[in-house]
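A.B. asks: Quick one: the structure is below, questions incoming.
Each reported figure results from applying straightforward, stated rules to the coordinates on display, with no laboratory input. The model shown is predicted, which means the values in this text are computed figures rather than measured ones. As a convention, Cβ positions derive from the backbone with ideal geometry for all residues, glycine included, and neighbour counts pool all protein chains shown.
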Amino acid sequence: MADESWPAKGKSKRLAENLGVDDRDEASKSRASGLIRASDCSPPPPSPPKRRSDRETSVRPNERFNIYKAILRHPNHFFQFAIRLPSATVVDLYAIDKEFHYRFNNYSTSIVSDYAYYPAPHAAFIFSWIIFPELCISDPLLKSMDGRSLLARDIPSLRWTKMVIYRDRVTRGILTCLGLEGHRFHRGTHVTLMKFWLLMEMQITAMREAFLRDDKVWTDMDIVFFHLFLVKLDMRLPDPILGNGMCELSHMLLTQKSLSLLYKVVAMVQALQDINEIYECEQPEEPESME
């Protein structure tokens with residue numbers, strides 16, 4: 001079988017190693033000319049922008065840093081800032097500041113609840129806003145109640161927070177006044193006294209009985225603390241020096257609708273007011289200066 005040989009190369013074809021330096025220069029020149037022709041077809045570069053006048057290129061000065069606005073716009077600091085403000089300040093900011101008004105409405109339920117839980121956690125839990133519908137308002141964002149789109153849900157108001165803080169201070173004031181006169185109590189008596197205040201407001205006897213029978217609400221220790229409170233209150237009222245009357249006075253004070261009257265009697269608030277009024281009436285008027 002005859003050996004098959006590769007076809008011979010044409011005479012016009014040359015190998016790369018046979019190319020001379022001049023041939024390579026010509027090839028590079030042809031490539032460069034092709035690139036130049038391609039660049040001629042490309043779009044022209046954009047013209048430089050026109051120079052603006054000094055009035056147009058003037059930079060707007062940066063706004064001054066406002067710590068109040070920075071706190072309002074912070075996702076975490078706003079809540080801590082709002083719950084530490086006095087109630088009168090919250091009402092004023094809600095009325096005059098649009099941004100505070102908007103953010104307060106967006107988080108009204110959580111802010112109002114935290115506003116009461118921060119200074120008086122036990123009172124906010126015992127005097128829950130669900131028990132006091134007259135102290136609630138309609139949701140400013142008009143969120144529906146129980147899926148009913150035509151009825152806005154109820155949320156706690158600032159009036160409820162004032163009531164909670166007031167009752168917490170009154171109960172603490174009663175125990176403080178008795179403690180300063182030698183009648184000390186356990187720290188749990190404060191919570192027991194607030195539970196009794198809630199019991200005083202119930203108008204139906206069946207509700208009161210159900211409230212007292214619930215072991216989760218009125219524990220055995222609560223009953224013990226309240227009995228100790230009754231004993232020491234009866235010791236305080238008929239006291240020959242600091243007393244205000246006799247033992248039966250405690251029964252009358254504890255059958256009222258609130259403990260505010262008991263606080264006034266124990267702290268002698270009304271007596272001090274009467275003494276101040278008498279003192280002011282007895283003071284002679286100062287003569288007008290002769291000029």
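A.B. asks: Mind sorting Y118, Y263 by how few other Cβ atoms lie within 10 Å of their own Cβ, fewest first?
C.D. replies: Y118, Y263
A.B. asks: I would also like to ask the following. About its Cα centre, how strong a charge dipole does the stretch 96-167 have in debye, to the nearest 20, once Lys and Arg get +1 and Asp and Glu get -1 at the Cβ? Spell out each step's value before the answer.
C.D. replies: Numbers: 8 positive and 7 negative charges, 12 e Å.
Here the size comes out at about 60 debye.
A.B. asks: So for each of 226-234, 207-215 I average, over its residues, the number of other beta carbons within 10 Å; can you give me the resulting order with the highest mean first?
C.D. replies: On the way: 226-234: 16.1, 207-215: 11.6.
My ranking of the peptides, most packed first, is 226-234, 207-215.
A.B. asks: Just order 175-187, 155-167 by mean Cβ neighbour count inside 10 Å, highest at the front, would you?
C.D. replies: Result, highest mean first: 155-167, 175-187.
A.B. asks: Here's another thing I want to ask about it. Taking the simple approach of a point 7 Å from Cα along Cα-to-Cβ for both R213 and K162, what is their distance in nm?
C.D. replies: Calculated label separation equals 3.8 nm.
A.B. asks: Which whole-number percentage describes the relative contact order of the stretch 107-280, with Cα contacts under 8 Å and a sequence gap of 6 or more? List each step's numbers first, then the result.
C.D. replies: Numbers: 162 pairs, mean separation 32.3, N = 174.
Result for the stretch 107-280 is 19 percent.
A.B. asks: While we're here: Using R₀ = 41 Å, calculate the FRET efficiency as 1/(1 + (r/R₀)^6) where r is the Cβ-Cβ separation of L242 and D154; round to 0.05.
C.D. replies: On the way: r = 45 Å, r/R0 = 1.10.
Calculated transfer efficiency: 0.35.
A.B. asks: Would you please put 89-97, 108-116, 63-71 in order of how densely packed they are, using the mean number of other Cβ atoms within 10 angstrom per residue and starting with the highest?
C.D. replies: On the way: 89-97: 13.3, 108-116: 19.4, 63-71: 9.6.
My ranking of the peptides, most packed first, is 108-116, 89-97, 63-71.
A.B. asks: Just list whichever of K162/K216; K232/K257; K98/K162; K195/K264; K98/K195 have alpha carbons separated by over 29 Å in the model shown. Numbers along the way, then the final one.
C.D. replies: Working: K162/K216 27 Å; K232/K257 21 Å; K98/K162 24 Å; K195/K264 20 Å; K98/K195 39 Å.
As for pairs spanning more than 29 Å Cα to Cα, those are K98/K195.
A.B. asks: Any chance you could run the full-extension gain for A206 through I223? It's 0.36 nm times the residue separation minus the Cα-Cα distance, nm to one decimal. If you can, show how the numbers build up before the last one.
C.D. replies: Values: separation 17, 0.36 × 17 = 6.12 nm, distance 1.91 nm.
4.2 nm is the gain from fully extending A206 to I223.
A.B. asks: Label-point separation (nm) for S258 and N76, each offset 7 Å from Cα along Cα-to-Cβ?
C.D. replies: A separation of 3.9 nm, rounded to one decimal place.
A.B. asks: What list of ³J(HN,Hα) values in whole Hz, one per residue of the stretch 99-104 in order, does the Karplus curve 6.51 cos²θ - 1.76 cosθ + 1.60 (θ = phi - 60°) give from phi, with Gly and Pro shown as x?
C.D. replies: With coefficients 6.51, -1.76 and 1.60, one gets 5, 5, 4, 5, 5, 5 Hz.
A.B. asks: Roughly how many nanometres apart are two label points built 7 Å out from the Cα toward the Cβ at I137 and R184?
C.D. replies: Calculated label separation equals 4.5 nm.
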